[in-house]
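Have a look at the structure below, then the notes.
The values are calculated or read from the model by the stated rules, or taken from the named source; none is laboratory data. Quick caveat, the model's predicted, so the values are computed rather than measured. With ideal geometry, Cβ positions are generated from the backbone for all residues, glycine too; neighbour counts draw on all protein chains shown. Note: accessible area is taken over every heavy atom of the protein model, side chains too, but ligands, DNA and RNA are not part of it. Shrake-Rupley method; radii C 1.70, N 1.55, O 1.52, S 1.80 Å.
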Amino acid sequence: MTRTTTTRRRRLTAAGIGLALLLVPGCATLTGTEGQEPTSAKSSTAATTPTAAPQASPGSADAVTDLPSPEGLPPERPSAAASPSSDAGDAEADDADDSAVDEAKQAEAKERGSRDKKGKGSGKKGAEAKDEAPDWPVYGASGKQVTALQQRLVDLGYFLPEVDGRFGPATQQAVWALQKAAGLGRDGVVGPQTQKALDSGARPSPQSSSGKVVEIDLSRQLLMTVEDGRVTRVLNASSGNGETYEARGRTYTASTPRGSFAVYMERNYLHESTLELGSMYRPKYFHGSFAVHGSGSIPPWPASHGCVRVSNSAMNWLWDTWGMSKGTPVVVY
């Protein structure tokens, strides 16, 4: 009789734990705001079983309980195997805010007007001045100018999966990252100011001085991989937007915690949010339910529910090339 009662209690406890896991939210794209969902994951490799989450005293920066903005622990096993993904899974890059675009257009119009004045006089001089005007590479363009732009970005450490001579979503991600590092308007347009930043070699500086570290600069919305105090790659990123949202009757704030953490859990597949908040591609958890993960939408401003988004191709690079393994320090500031 005692054995039967104990067995029933164990079954009820297991059922309660399973229900609790289903109620934990997950972070990803805000549905219907930035573009297409990411494609399937690259590998069907089984998820790595995590060790115990990092412990901390209540109220400390590293505490993993009572988080203000839970982003969702995924289930222990994926519901389906994932298939390969490339940069094609990334959404078309979003337009920046109107003020940044207006500033870029005004600057361009001012410079064009100056060139027009210089070109007045003889018809020949006017034609020559027009021919000498710079022809900036734009989104959707292809050719030698774009190849040169991409190569310069790569040389400076801005992440690009390849130099292919096509100004698509991946190149715009890199241009946004450069503009953020240089303190420019985040419009994705390679105009005179952005070209000046390229020519001068604008790069962010790290805070760490030793070891292999992931640094996340929330003010500039950048993720950097750092090795012994040297930035090796700079990625466009998007973190919590600070807004409140509701999920299953509860209200959360979409904020990303600051502090010194480490990757303690990873999921090598596409995790679907249990609260229908979107998808998390190959997430690397660094603090409670907060993770760095791939997404099909990484605008140049904060837009997530609290996790740190990067492009799917950048997430593949972090997993497969750079090696953001469990235990890797993650510093968020």
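Does segment 254-287 hold any residues that are at pLDDT below 95 and surrounded by fewer than 17 Cβ atoms within 10 Å (Cβ to Cβ), and which are they?
Across segment 254-287, the qualifying residue is only Glu276.
Select from segment 201-253 the residues that are part of a strand (DSSP E or B), out of contact with any strand residue (DSSP E or B) (no Cβ under 9 Å at 6 or more places or on another chain) and open to solvent by 20 Å² or more (accessible area, probe 1.4 Å) and write down the one among them that is nearest to Gln150 (Cα to Cα).
Arg230
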